[in-house]
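The values are calculated or read from the model by the stated rules, or taken from the named source; none is laboratory data. These numbers come from a predicted model, not from an experiment. FYI the Cβ positions are ideal-geometry reconstructions off the backbone, even for glycines, and counts take in every protein chain you see. Protein only, heavy atoms only, side chains kept; ligands, DNA and RNA dropped before computing areas. Shrake-Rupley method; radii C 1.70, N 1.55, O 1.52, S 1.80 Å.
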Amino acid sequence: MDTATANGLVQGIAFVERSGLEVLEVEPGRCVLRMPAEPNVNHFGTMYAGALYTLGEVPGGVLFFATFDAERFFPLVKESTIRYRRPGRGAITVEATISADDVERLTAEATEHGKASFDLTLELVDEQGEVVAIMTSAYQMRTHGSV
């Protein structure tokens, strides 16, 4: 998957499209996304908490579709927690990765059992390199027809 395809995927969600969220880099096992400050600032002039949450949740799908066979599997987010550490000022970025060993293990498990679970813990970073939030999400990949 290239960045144009990945951006088309995320912009297919109207809420995400309105936020201006952008996929900067994508390759199997890795993606980098950016949430611009505008139109996502709150009444204090910092990044709105919901925009930070969106930035932390969307990479799971981008990473999944860039890494796994979408004709065989699809992702579900099962649970997310976010810890806001400091006000986010300016654009915020996040990088998500998954190892080749985990990809192999999850693919085998989902093939055998119809589903496999994995967690992603992501750091959302401002333009000064400060971590403004940490988000952990539990995902499940399932085979088509397993729902």
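Worth a mention:
- C-alpha long axis of helix 100-113 to longest principal axis of the chain, angle in °: 50
- The sum of -39500 (n - 2.57) across all DSSP H runs of n ≥ 4, divided by the residue count of the chain, sets its helix-only mean residue ellipticity at 222 nm to -10000 deg cm²/dmol.
- Radius, Kirkwood style, for the chain when every pair of distinct Cα atoms is counted (Å): 15.6
- Cα-based Rg of segment 4-64 normalised by 2.2 N^0.38 Å, two decimals: 1.10
- Of 125, 66, 82, farthest towards positive along the dipole that unit charges on Lys, Arg, Asp, Glu beta carbons give the chain: 82
- Solvent-accessible area, 1.4 Å probe, carbon plus sulfur percent, for segment 1-137: 49
- C-alpha long axis of helix 49-67 to longest principal axis of the chain, angle in °: 30
- Multiplying the residue separation of residue 18 and residue 105 by 0.36 nm and subtracting their alpha-carbon distance yields 27.7 nm.
- When only alpha carbons are used to place a centre, segment 83-147 and segment 12-39 end up 14 Å from one another.
- Less than 5 angstrom separates the built amide H of residue 91 from those of 37, 127, all sequence-distant by 5 or more or on a different chain.
- Candidates per GluC sites (Glu not before Pro) in segment 30-133, loop by DSSP, up to 10 other Cβ within 10 Å: 71
- Here's how it looks for residue 132: its modeled amide H is under 5 Å from those of 124, 125, 126, which are all 5 or more places away or on a different chain.
- Relative contact order for the chain: 25 percent, from Cα pairs under 8 Å spaced at least 6 residues apart, divided by residue count.
- Solvent-accessible surface (1.4 angstrom probe) belonging to residue 5, in square angstrom, nearest 10: 80
- The magnitude of the dipole of segment 28-125, with charges of +1 and -1 set on the Cβ of Lys/Arg and Asp/Glu and taken from the Cα centre, is near 520 debye.
- Vicinal HN-Hα couplings computed from phi for segment 114-128 (Karplus, 6.51 cos²θ - 1.76 cosθ + 1.60; Hz; Gly/Pro x): x, 6, 8, 10, 8, 10, 10, 10, 10, 9, 9, 10, 7, 5, 8
- Across segment 33-48, coupling constants 3J(HN,Hα) worked out from phi with the 6.51/-1.76/1.60 Karplus curve, θ = phi - 60°, read 10, 9, 10, x, 4, 8, x, 9, 8, 8, 5, 9, x, 10, 4, 4 Hz, and Gly and Pro carry x.
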